[in-house]
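What follows is a short report on a single structure.
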Amino acid sequence: MLNNERLVWILDLLVLQRLIHAGQKTDVLNRGLEQARHIMLDKRAEMRRLLGKQRVSYKVGEIETIASFRFKPLEETASDGEPIVDERVITRQVAAALQLPFVEVDPVLLDYKLVTEAFGGPFAERHLVIALRDDPGEMVCATADPWNDDVFGQISRLKGKPVKKVVAMKSAVIQVVAEFHGFRRSMRAAAADFQSDLPDIGNLEQLYRLQSINELDATDQPVVQAVWYVLNYAFEHRASDIHIEPKREESLVRLRIDGVLHTIHRLPKVVHPAMVSRFKMLGRMDIAERRRPQDGRFKTSHVSQEIELRVSTVPTAFGEKVVVRVFDPDVLLQDLSKLGFFRREQLIFERLISNTTGLILVTGPTGSGKTTTLYSTLHHISNPRLNITTLEDPIEMVHEQFNQMAINRNIGFDYGAGIRHVLRQDPDVIMIGEIRDPETAQYAVQAALTGHLVLSTLHTNDAAGAIGRLIDLGVKPFLLASVLLGVVAQRLVRRNCPHCSADDWLSEEQALSLGIVGAEGKKLMTQVGQGCVRCRGTGHSGRSGLYEVMPITPRIQRLIHDGSASQEIKKEALNDGMLTLRDYGIKKLGRGETTFDEVLAATDDSQLF
């Protein structure tokens, strides 16, 4: 099962590099064979699940056997930041010793067509090799078995060109083989089932609308597998949205990761209707209705974590487009300290939400993270002594700690009616999804006046603008002054990747464009991500909030009571130490948490004041 000579060579290499000691080497030699048998059983089961096959061949390697012992590096080498001698550390050392390049394989950055067409699925599965680049004079292939020279000789003769060998982690190669070739296998089977010479009835460019055999049962196994691949891929890459977009000749599968869309798959056009029907079936939507937009939702699990998904379909020129919104509890329910608050702003916000009565508003455009802030806030204050009730349109994520009610205007149950009924349910905290009309604004203020803590959202550019917006909706200034506790305006910026960030300098022109005082003739130091496999070459990993936190002080309360303009209120808040969104972004830029482009895109010049 294991090549003993190669195993000893790798162990000696790790001892030489002072990653393990001689006693650990002996431990591997004594127990390695038994460990390898356990790995083989687990990996075969995993490969059967990933590839959707009953029988798979899996050869346990020496690197993964050593990595399974999870040795901690010796103290003098532990400063490299690696907590254990894992597969990445060992593979990197082996590649260096063999004088071969080591690469981190990122599925999002790979060419799907090249990977699936360069080698057949069985060949890639058996030899653990994937194509990374195919130039006219050379092909670059990644392998998990750098000693397999015969295979690379075969590939070179087959392709008629030199093949450059690079080394990658076995787990990464297996993931690509399983996801790419497994997905392609499902697409081929589905395309064969749904292939037809008749025109695509969903495409508005077609001249005829004829009944077609494209409308087949969406529960066919290849389509079910294909949907599973897409969902699993999205969960593993922390995608917030899945887009399945029909085009003239094919369909695209795109994922929104950290706010940016990435194309990950291309589907045969004949498979698209069945994929749409499968998502509709999961979301309990009308499969036969293709002319009107529809909405649905369903739950699934990933790594023992329940994930809620909301499905939306709309008819387009080339067929129905599907967007699946992913509501991951790890994203929506976070600790307040992880949202991006600085210490001062977090303390102010925690002081606001510790009140038992009053109104707190979170403002910002769509996609600025308001829902995450509200859910995280409710999660922070929830305890068995409180009755927390939410009114949402729709419910973003079902959580058992809250009593959640969905708005349904078709039966007359809008926000106003919802608040009236909630007040009869003895609530302590009420969360209103959005204040968008005079009736909702009036009821929200009345609920806050009668001894409840009310949290809600508004669409305004900054914190002070929320006050004018509520007054425009008919709330009396003296009532608003008595119930409003504070307003938080927010935006989202992408974080610099912690694995590839490097020092950078902000030019004088950039500093002046942000309105940084005293930037003339100076270069300011910051950081920027260089791009690596862990951040998919973007230089960014995850997102963080910019917050404009405006507590209602007695002076601001008087200004609201007197009907002062938003600019006067904002000026008073700035005198009290409030950071504008632009100031908040500049502070994060100075700390190396984000980049100039992110701050400039998330804030505008009106926030200089």
Quiz item: Using the Karplus equation 6.51 cos²θ - 1.76 cosθ + 1.60 (θ = phi - 60°), what ³J(HN,Hα) coupling, rounded to whole Hz, does each residue of region 273-281 give in order, writing x for Gly and Pro?
Solution: x, 5, 4, 4, 4, 5, 5, 4, 4
Quiz prompt | Residues with amide H under 5 Å from that of Val322, placed H, sequence gap 5 or more | solution = Ile244
Quiz item: From the backbone phi of region 121-137, what are the Karplus-calculated ³J(HN,Hα) couplings (6.51 cos²θ - 1.76 cosθ + 1.60, θ = phi - 60°) in whole Hz, Gly and Pro given as x?
Solution: x, x, 5, 4, 5, 6, 9, 6, 9, 9, 8, 9, 8, 10, 8, x, x
Self-check item: Alpha-carbon centroid distance for the pair region 477-498 / region 95-148, whole angstrom
Solution: 48 Å
Quiz prompt | Gained length - Arg284 relative to Trp147, 0.36 nm times residue gap less alpha-carbon distance | solution = 44.2 nm
Practice problem: Apply the Karplus parameterisation 6.51 cos²θ - 1.76 cosθ + 1.60, with θ equal to phi minus 60°, to every residue of region 437-452 and state each ³J(HN,Hα) to the nearest whole Hz, in sequence, with x for glycine and proline. | Solution: 8, x, 5, 5, 4, 5, 5, 5, 5, 5, 5, 5, 5, 9, x, 10
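If we count every other residue with Cβ under 15 angstrom of His399's Cβ, Lys/Arg +1 and Asp/Glu -1, where does the sum land?
Numbers: positive: Arg297, Lys299, Arg310; negative: Glu306, Glu308, Asp328, Asp330, Glu392, Glu396, Glu400.
Around His399, the charge tally is -4.
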Quiz item: Lone cysteines in the chain, going by a 4.7 Å Cβ-Cβ cut-off?
Solution: Cys141
Quiz prompt | 12 Å beta-carbon shell around Leu100, net charge (K/R +1, D/E -1) | solution = +1
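Please go through the residue pairs Lys170/Lys299; Lys113/Lys299; Lys476/Lys571; Lys321/Lys370; Lys159/Lys269; Lys523/Lys588 and name each one whose alpha carbons sit more than 24 Å apart in this structure.
Pairs exceeding 24 Å: Lys170/Lys299; Lys113/Lys299; Lys321/Lys370; Lys159/Lys269.
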Quiz prompt | Radius ratio Rg over Rh of the chain, counting only Cα atoms, Kirkwood formula for Rh | solution = 1.02
Quiz prompt | Gained length - Asn30 relative to Glu400, 0.36 nm times residue gap less alpha-carbon distance | solution = 128.2 nm
Quiz item: Over the chain, what is the relative contact order in whole percent, taking alpha-carbon pairs under 8 Å and six or more residues apart?
Solution: 8 percent
Quiz prompt | Bridge type composition, the chain - antiparallel percent by DSSP, nearest 5 | solution = 65 percent
Quiz item: How much length is gained on full extension from Asp428 to Phe298, taking 0.36 nm per residue of separation minus their Cα-Cα distance?
Solution: 43.8 nm
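FYI, it's all coordinate maths here, none of it is from the lab. Computed from a predicted model, the values in this text were never measured in an experiment. Every residue, glycine as well, gets a Cβ built from its backbone with ideal geometry; the counts of neighbours run over all protein chains shown.
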